[in-house]
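Okay, structure first, notes after.
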Amino acid sequence: MGRAFVYVILGGGVAAGYAALEFTKKGVSNGELCIISEESVAPYERPALSKGFLLPEAPARLPAFHTCVGANEERLTPKWYKEHGIELILGTRVKSADIRRKTLLTAAGETISYKFLIIATGARALKLEEFGVSGSDAENVCYLRDLADATRLADVMQTSTGGNAVVIGGGYIGMEVAASLVINKINVSMVFPEPHCMGRLFTPKIASYYEEFYKSKGVNFVKGTVLSSFVFDPEGKVTGVDLKDGSSLPADLVVVGIGIRPNTGLFEGQLTLEKGGIKVNSLLQTSNSSVYAVGDVASFPVKIFGESRRLEHVDAARKSARHAVAAIMEPDTTPEFDYLPFFYSRVFSFSWQFYGDNLGEVIYFGDFSGTSFGAYWVHKGHLVGSFLEGGSKEEYEAIARVTRLKPAIDDLSELERQGLGFVVGL
Ligand code: FAD
Ligand code: NDP
């Protein structure tokens, strides 16, 4: 059995939703496009899962956060896909791909053929087993990648009020989930190997600002060590964790956020890979001209860095998806993808944005004992990155605009003196 489509989007996450909207804007006909997704729901804004979804009062639930509400665009419910003649093939895993024949084989045994394929398979959460620790299957050990994970985490959180949680990992998931756990009145210990949280983006000074606030909310930081094993009760539930530094922590709930791996497996040996992802050119096209890759799984040329990167963030997923659709539908007029890397997070009442690259010397500005501060990164005489906490809409737009320009910086102390005024004035 089989079906044929002109356009197939493989994966039903953030990028898929934004690609679908763009296809309708460019004029796709009924029955030409399908989305195949292992998830059982239409594409949604994944960032909601570690934020609004975990709130104790009036938590966000679908259909409220289907794409493309994250970019203040239309909300694409299953009804929307139906009305636009887009086939949603949900709850369906693709188990193999044949790039030469332009076919995908689903786990149910259906062959789906395409003229153009957009790979939007995203990434999977790394498991502790990959670091030699077993126990991820225990009922109170939670990961957070999809709706099913978030639903389980919310359930376990409800039964853990007043109890102890251990958060493994000090990255995005660790920081955002730890804040949600605190808001849900659960005592939190965070365990991670680096000297400070958000080790790959934050400087020690920026990290310390957030860590001090988390500490004031009762969060216990256990740094420079990792988990060595779980402690179980006779029913197989985790009751604590043993750490490599010899210490132990009690746990009613464990949340693990130790990074991801892009879902490239279907294409290994068929498409060129790079930096752990699928290599694409500046039109998001892979080494096969009928196949495009977008979002977390794509390694694309980032013009302002002069090199290819894989960016595991929602803004890149949205914009790369739109651009790939434009490149497919309007090949003669679509320019190169010229993307400015943008990361953000919201925890408690904090909200920060970062643009560009965190390379070179760091110049701080603002009030680190107050609610608004930031930093610039200056590399080889140019401003290459900007971070701002607690900014206004106009200020965030200003740091984005100026970072894209990579202005020459002759005098670091003058930049420090001007602070945020430097970008607002340009
Ligand atoms: P995904 O959204 O991961 O979608 C991939 C899809 O492919 C899934 O539906 C998956 O089931 C499907 N799939 C994979 N393999 C197959 C297969 N073989 N067959 C069928 N289907 C398949 N980024 C930010 O910038 N800001 C944030 O605040 C933020 N918060 C986040 C919070 C959480 C909890 C998580 C997990 C991520 C967050 N991110 C955030 C990252 C952001 O969500 C991702 O960068 C984005 O979702 C990537 O989009 P994507 O479409 O490439 O992949
Ligand atoms: P991150 O890569 O952000 O962080 C992983 C953290 O776990 C790092 O602190 C890492 O340290 C640490 N770590 C790695 N191995 C171990 C280990 N064995 N034991 C303990 N700690 C370990 O990944 P997350 O899991 O936090 O996030 C998953 C994905 O979701 C990412 O793509 C992220 O971008 C995305 N996300 C983005 C958000 C946002 O943009 N606001 C919010 C939530 C998720 P080290 O650096 O030393 O490896």
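The values are calculated or read from the model by the stated rules, or taken from the named source; none is laboratory data. Only a predicted model underlies this, so the values are computations on that prediction, with no experimental measurement involved. Here Cβ is always computed from backbone atoms with ideal geometry, including for glycine, and neighbour counts include all displayed protein chains. Accessible surface areas use protein heavy atoms only, side chains included; no ligands, DNA or RNA. Shrake-Rupley method; radii C 1.70, N 1.55, O 1.52, S 1.80 Å.
Worth pointing out:
- Criterion: touching a Ser or Thr at 6+ places or on another chain (Cβ under 6 Å) and of a type in the set (D, E, K, R) - qualifying residue of E110, E176: E176
- Against the criterion of being buried (at least 17 other Cβ atoms within 10 Å of the Cβ), closer than 26 Å to T151 by Cα and among the basic types (K, R), R61 does not qualify.
- 2 or more residues on the phi > 0 side of the Ramachandran plot and within 16 Å of ligand 1 (Cβ to nearest atom): qualifying strands (runs of 3 or more DSSP E) within region 303-395: none
- Number of the exception - A324 against (1) at pLDDT below 95; (2) surrounded by 23 or more Cβ atoms within 10 Å (Cβ to Cβ): (1)
- Qualifying residue in region 393-402 (condition: surrounded by 14 or more Cβ atoms within 10 Å (Cβ to Cβ) and closer than 23 Å to F213 by Cα): yes
- Residue within region 47-68 that is part of a helix (DSSP H, G or I) and of a type in the set (S, T, N, Q) present: yes
- Of all residues in region 231-269 being β-branched (V, I, T) and part of a loop (DSSP other than H, G, I, E, B), the one that is surrounded by the fewest Cβ atoms within 10 Å (Cβ to Cβ): T264
- Residue under evaluation D296, criteria (1) in a helix (DSSP H, G or I); (2) within 22 Å of T103 (Cα to Cα), criterion not met: (2)
- Single condition E73 does not satisfy, out of (1) over 24 Å from V28 (Cβ atoms); (2) within 23 Å of the chain's Cα centre (by Cα); (3) part of a loop (DSSP other than H, G, I, E, B): (1)
- Scanning region 23-46 for residues that are near ligand 1 (Cβ under 8 Å from one of its atoms) and in contact with a strand residue (DSSP E or B) (Cβ under 9 Å, 6 or more places away or on another chain) yields I36, S37, E38, P43, E45.
- Selection count where residues are assigned to a helix (DSSP H, G or I) and either among the β-branched types (V, I, T) or not assigned by TED's automatic domain parsing to the domain that holds Q353 (or both), scope region 396-418: 3
- Cross-chain or 6+ apart pairs with Cβ under 6 Å, region 382-401 first and touching a residue at least 40 places away in the same chain (Cβ under 8 Å), then of a type in the set (V, I, T) and part of a helix (DSSP H, G or I): I399/V423
- Test: T286 is surrounded by fewer than 18 Cβ atoms within 10 Å (Cβ to Cβ) and away from ligand 2 (no atom under 16 Å from the Cβ): no
- Qualifying position, being within 16 Å of ligand 2 (Cβ to nearest atom) and either among the charged types (D, E, K, R) or modelled with pLDDT under 95 (or both), among D367, D332, D357, D411: D357
- Residue in region 295-305 that is within 17 Å of E22 (Cα to Cα), away from ligand 2 (no atom under 16 Å from the Cβ), open to solvent by less than 30 Å² (accessible area, probe 1.4 Å) and not assigned by TED's automatic domain parsing to the domain that holds N184 present: no
One line per residue, one yes/no per condition, for (1) of a type in the set (D, E); (2) touching a residue at least 24 places away in the same chain (Cβ under 8 Å); (3) over 30 Å from T161 (Cα atoms):
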{"site": "K205", "(1), (2), (3)": "no, yes, yes"}
{"site": "L227", "(1), (2), (3)": "no, yes, no"}
{"site": "V241", "(1), (2), (3)": "no, yes, no"}
{"site": "G246", "(1), (2), (3)": "no, no, no"}
{"site": "V256", "(1), (2), (3)": "no, yes, no"}
{"site": "E268", "(1), (2), (3)": "yes, no, yes"}
{"site": "K279", "(1), (2), (3)": "no, yes, yes"}
{"site": "L284", "(1), (2), (3)": "no, yes, yes"}
{"site": "A293", "(1), (2), (3)": "no, yes, yes"}
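Yes/no matrix, rows are residues, columns are (1) buried (at least 23 other Cβ atoms within 10 Å of the Cβ); (2) hydroxyl-bearing (S, T, Y); (3) in contact with a Phe, Trp or Tyr (Cβ under 8 Å, 6 or more places away or on another chain); (4) closer than 23 Å to C68 by Cβ:
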{"position": "L271", "(1), (2), (3), (4)": "no, no, no, no"}
{"position": "S282", "(1), (2), (3), (4)": "no, yes, yes, no"}
{"position": "E307", "(1), (2), (3), (4)": "no, no, no, no"}
{"position": "E330", "(1), (2), (3), (4)": "no, no, no, yes"}
{"position": "Y339", "(1), (2), (3), (4)": "no, yes, yes, yes"}
{"position": "L359", "(1), (2), (3), (4)": "no, no, yes, no"}
{"position": "G374", "(1), (2), (3), (4)": "yes, no, yes, no"}
